[in-house]
Amino acid sequence: MRYTLQRLLLLLITLVLLSLFTFSLNYFFPGDVLTNMTGIRAIDANQYASVALERDINASFPQQYITYLGHILSGQWGQSLITQEDVFQTMTPLLGASLELIVLTMLLSMLLGAPLGIYAALTEGGSFDRIITGLGLSSYSIPVFWLAQMLILFFAVKLGIAPISGQINPLYDVPVTSGAVLIDIWLNDYPYPYAALLDALNHLWLPIIVLSIMPMTMLIRITRGAVLDVLRQNYIRAARARGLKGSTILTRHVLPNAMQQVVGQLGLLFSLLMSNIIIVEVIFNWPGIGSWLVKSIYERDYPILQAGVLVFATLILLVNVAVELFHAWRYPQVRKELYAE
Amino acid sequence: MPNNSIYYQQREPSPLRSIWLLMSSNPFVVVAFWALSIIFVLMLLSPLITPYDANQQFADAILQPPSWHNEGEIRFLFGTDDLGRDLLSRIIAGSVYSLGYPLVAVAFAALIGIAIGAWAGLSSGMRSSGLNHMLDVILSIPSLLLALVIIAILGPSLFNVMLAITLVLIPQFIHSVRNAIRDEIHKDYVTASKLNGCSTWYLLTRVIFPNITATVVMQLTFALSTAILDIAALGFLGLGVQAPAPEWGTMLARSLDQVYLYPWTMVLPGLALFITILAINVLGDNLRLSIQKRVEQ
């Protein structure tokens, strides 16, 4: 309980610091501070004056920051410098599209990575184990932009079994509500759900494979190491001595304890995934937060840029804290270590 | 020369040397070490050994396939790109941008980070734990995102990229050096030296530092592979080293338009990048394992 409060307090402080950082970005970016903040140019004199009043731009810095925080919390994130569209409203479907990729990638890598890791640990020294440990490091070293291009070249160009980029064939004009195509098709009662679903899946599988290769192989390595670690413990030997079946030892004694170490690493995996998703979204032309952020840097669209940074960093921090809390809640021995410090 | 040590003397290898002895039993590590050394030498000699200037264009040989291809020519070993520039020369010259500049960035980051980390490791209490919480937060945010923000403020150019990468790497060094010193400082040998009346400076440089060298070296390899990947990623996004500089990531970005017809313009620079990072990661990973083994011994 104390730990939960401590983590949540730290999260709150971090988020405040993060917003302070994005607030100060307005001053660091070249150009007018208010324009950077709201996306409204000084040419539009009336609106500029009203926004200046609304944002307390002439007040002291702390006052300005508090007003800024209020705007952020109430979803008034200004408008884009280029398209003049409301930043918050543009952001939500993009976040949905990114989350779709993230969730599916994490699911795939966990569903495949953990069992394969366990299998590798049980057959330690076998050919599968050696291949996995060898591949683990190489997949960690492949630059994701190169891997994406290689896979596109192979699957989309040579074999022609996947589209090169995009989220769905433009022929299917699925209305965008949540941003995640699979959910949108289901939500909006699209007239040809199965054809659209098939097409969306066809667009999805390649980016997901590109994204999941790195977390998956890392998960295999972590799981393998954790299982091997647990297998060496005395309580496993004791369980063997009691004459328990191999499968019982595995499911009742090895796995729960090994998973504790694996869960502890999930936050790190997520951070890695988030840095890859920026690049993969750009390559696959995926309408997500990552490609939005990069595009805003090209276009020097500062309101969008700070929104992108805010969303990205918040997402990473939230997931990290959630993983830590789950870890401490599920595994008392972790809590004990934390208190002992 | 005759052996003039008369007395039998048991020589303990230094921490770093004993780790190298452990590591070199693995053939992959030896291969990785030599591969990296060769790339490093190629980088140093790159102005001398490139067959052509990296930006020289051959109008008669545009998009020439590599020499092992049926239509390839031996004068362009790796073929040419869409402007008729020799790929082999560009890849060799690019190693300066893709390996040399990350090395410089890592060196600066290490200097600053180790100094701050040592200071934080020796001090204790509020100051230290506050710093630690801050570092945990900064480290959970991917380095690429931080670098992107810094580039967005400063604008893309070679110098700004170097600045961004250096700044991004510093927290990692602070974190690892601080933790390494924390682990050592309460051990008996440090206490003994303290009781002997050693100054803090002597304690740090002569007593603690030799024992955390391996950790620092490991952190250096990690930082180097991060720096190489990030500089290439920024180059790929067009926010890093600017064309026509033959940086590997920038070359990959340029090949994006023609990769489907002329794949070698993409495969070869990527392969160079991959081999370099793989060699560094193999070294770093085995270093970690060897440190563990040595601690267990």
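The values are calculated or read from the model by the stated rules, or taken from the named source; none is laboratory data. Quick caveat, the model's predicted, so the values are computed rather than measured. Note that each Cβ is placed from the backbone with ideal geometry, even for glycine, and that neighbours are counted across all protein chains shown. SASA here: full protein model, heavy atoms, side chains in, ligands and nucleic acids out. Shrake-Rupley method; radii C 1.70, N 1.55, O 1.52, S 1.80 Å.
Considering the Cα positions of the protein assembly as shown, please state its Rg to one decimal place and its Dmax as a whole number of Å.
Rg then Dmax for the protein assembly as shown, in Å: 26.9, 94.
Please identify, among B:G240, B:G100, B:G197, the residue showing maximal mean-square fluctuation in a Gaussian network model of chain B using a 10 angstrom Cα cutoff.
B:G197
Pop out a list of residues from region B:269-285 that are at least 30 Å² less accessible with all the protein chains around than in their chain alone; 1.4 Å probe, no ligands or nucleic acids counted.
Relative to the lone chain, where solvent access is computed with a 1.4 Å probe, region B:269-285 loses at least 30 Å² at B:F274, B:L278, B:N281, B:D285.
For every helix of n ≥ 4 consecutive DSSP H residues, a contribution of -39,500 (n - 2.57) applies; sum these over chain A, divide by its total residues, and give [θ] at 222 nm rounded to the nearest 500 deg cm²/dmol.
-24500 deg cm²/dmol
Counting Lys and Arg as +1 and Asp and Glu as -1, what is the net charge of the other residues whose Cβ lies under 10 Å from the Cβ of B:S255?
-2
Could you tell me the accessible area of B:I138 in Å² (1.4 Å probe, neighbours in place), rounded to the nearest ten?
60
Using θ = phi - 60° and the Karplus form 6.51 cos²θ - 1.76 cosθ + 1.60, what ³J(HN,Hα) does each residue of region B:31-43 get, whole Hz, x for Gly and Pro?
Values, residue by residue: 4, 4, 4, 5, 4, 5, 4, 5, 4, 5, 5, 4, 5 Hz.
At 1.4 Å probe size, put B:H186, B:H69 in order of accessible surface, largest to smallest.
Reading off the accessible areas and sorting them downward yields B:H186, B:H69.
Rounded to a whole number, what % of the accessible area of region B:150-213 do carbon and sulfur atoms account for, probe 1.4 Å?
60
Which percent of the accessible heavy-atom area of region A:93-291 goes to carbon and sulfur, probe 1.4 angstrom?
66
May I ask for the angle, rounded to the nearest 10°, between helix B:264-296 and the longest principal axis of chain B, with both axes built from Cα atoms and the value confined to 0 to 90°?
Taking the Cα atoms of chain B, the angle to B:264-296 is about 10 degrees.
Give me the percent of Cα-Cα pairs in region B:40-296 that sit more than 25 Å apart, rounded to a whole number.
53
Name the residue from A:G39, B:Q258, A:S138 whose Cα lies farthest towards the positive end of the charge dipole of the protein assembly as shown, charges +1 on Cβ of Lys and Arg and -1 on Cβ of Asp and Glu.
After comparing all options, I get A:S138.
Just checking the output field for A:276-286: average partner chain Cβ neighbours within 10 Å of each residue's Cβ?
Counting Cβ atoms of other protein chains within 10 Å of each residue's Cβ and averaging gives 2.
Over all residues in A:262-269, what is the mean tally of Cβ atoms on other chains that come within 10 Å of each residue's Cβ?
Neighbouring Cβ atoms belonging to other protein chains average 0 per residue here.
Net charge near B:R17, counting Lys/Arg +1 and Asp/Glu -1 over other residues with Cβ under 15 Å of its Cβ?
Surrounding charge for B:R17 is +2.
Once every Cα of region A:1-44 carries one equal point scatterer and solvent is ignored, give the base-10 log of I(q)/I(0) from the Debye formula at q = 0.17, 0.18, 0.21, 0.28 Å⁻¹, two decimals.
One equal scatterer on each Cα of region A:1-44 leads to -0.58, -0.61, -0.69, -0.90.
Give me the dipole magnitude in Debye, nearest 20, for region B:40-296 about the Cα centre, with unit charges on the beta carbon: positive for Lys and Arg, negative for Asp and Glu.
My answer is approximately 1120 debye.
About the Cα centre of chain A, what is the dipole size in debye to 20, counting +1 per Lys and Arg Cβ and -1 per Asp and Glu Cβ, all else neutral?
Taking the Cα centre of chain A as origin, the dipole is about 1960 debye.
If amide hydrogens are placed 1.01 Å from N in the peptide plane, which non-local residues have theirs closer than 5 Å to the one on B:T80?
B:L63, B:Q64, B:L87
Which of B:E247, B:E12, B:E184 moves most in a GNM of chain B, Cα contacts under 10 Å?
B:E12
Specify the residue with the greatest mean-square fluctuation among B:V216, B:V30, B:V137, computed from a Gaussian network of chain B linking alpha-carbon atoms under 10 Å apart.
Fluctuation is largest for B:V137.
What does the accessible area per residue of region A:250-341 come to in Å², with a 1.4 Å probe and no ligands, DNA or RNA counted?
It amounts to 41 Å² per residue over region A:250-341.
Please give the total accessible area that chains A and B bury against each other, computed with a 1.4 Å probe and expressed in Å² to the nearest 100.
3500
Under a point-charge model restricted to the Cβ atoms of Lys and Arg (+1) and Asp and Glu (-1), what is the dipole moment magnitude of the protein assembly as shown relative to its Cα centre, in debye to the nearest 20?
2880
Local charge sum around B:L139 (other residues, Cβ-Cβ under 15 Å, Lys/Arg +1, Asp/Glu -1)?
-2
May I ask you to evaluate 6.51 cos²θ - 1.76 cosθ + 1.60, the Karplus curve with θ = phi - 60°, for each residue of region A:313-326 and list the ³J(HN,Hα) values in order in whole Hz, giving x for glycine and proline?
Karplus-based 3J(HN,Hα) across region A:313-326 equals 5, 4, 4, 5, 5, 4, 4, 4, 5, 4, 4, 4, 5, 4 Hz.
For a test of the definition: using alpha carbon positions, the gyration tensor, and the 1.5 limit on a/c, classify chain A as rounded, prolate or oblate.
Note, shape of chain A comes out oblate.
Per the helix-only calculation at 222 nm, which mean residue ellipticity applies to chain B, given -39500 (n - 2.57) for every DSSP H run of n ≥ 4 and division by its residues, nearest 500 deg cm²/dmol?
-21500 deg cm²/dmol
First obtain the Kirkwood hydrodynamic radius of region B:54-206 from its Cα pairs, then insert it into the Stokes-Einstein equation at 10 °C and 1.306 mPa s, and state the resulting D in µm² per second as a whole number.
Result for D is 82 µm²/s.
Please give the solvent-accessible surface of B:K293 in Å², to the nearest 10, using a probe radius of 1.4 Å with every protein chain present.
That residue has around 110 Å² of solvent-accessible surface.
Under 5 Å between amide hydrogens, which residues at least 5 positions from A:Q79 or on another chain qualify, with H placed 1.01 Å from N in the peptide plane?
The answer is A:G39, A:I40, A:V87.
Could you sort A:D173, A:D301 by accessible area so the largest value comes first, with the probe set to 1.4 Å?
Final ranking, largest accessible area leading: A:D173, A:D301.
Which whole-number percent is the relative contact order of chain B (Cα, under 8 Å, 6+ apart)?
Relative contact order of chain B: 23 percent.
Show me B:33-46, B:168-181 ranked by packing, highest mean number of other Cβ atoms within 10 Å first.
Put in order of decreasing packing, that is B:168-181, B:33-46.
Please give the residues from region A:104-143 for which the solvent-accessible area of heavy atoms, probe 1.4 Å, is smaller by at least 10 Å² with all protein chains in place than with the chain isolated.
A:L137, A:S138, A:Y140, A:S141, A:I142, A:P143
Need one value for A:145-151: mean number of C-beta atoms belonging to other chains within 10 Å of its residues' C-beta atoms.
Average neighbour count from other chains, rounded to a whole number: 6.
Give me the Debye-computed log₁₀ of I(q)/I(0) at q = 0.08, 0.13 Å⁻¹ for region A:93-291, equal point scatterers on Cα only, no solvent, two decimals.
These q points yield log10 I(q)/I(0) values of -0.35, -0.77.
Tabulate in residue order the Karplus-calculated ³J(HN,Hα) for region A:143-158, using 6.51 cos²θ - 1.76 cosθ + 1.60 with θ = phi - 60°, rounded to whole Hz; enter x for Gly and Pro.
x, 5, 5, 6, 4, 4, 5, 4, 5, 4, 4, 6, 7, 8, 9, 6
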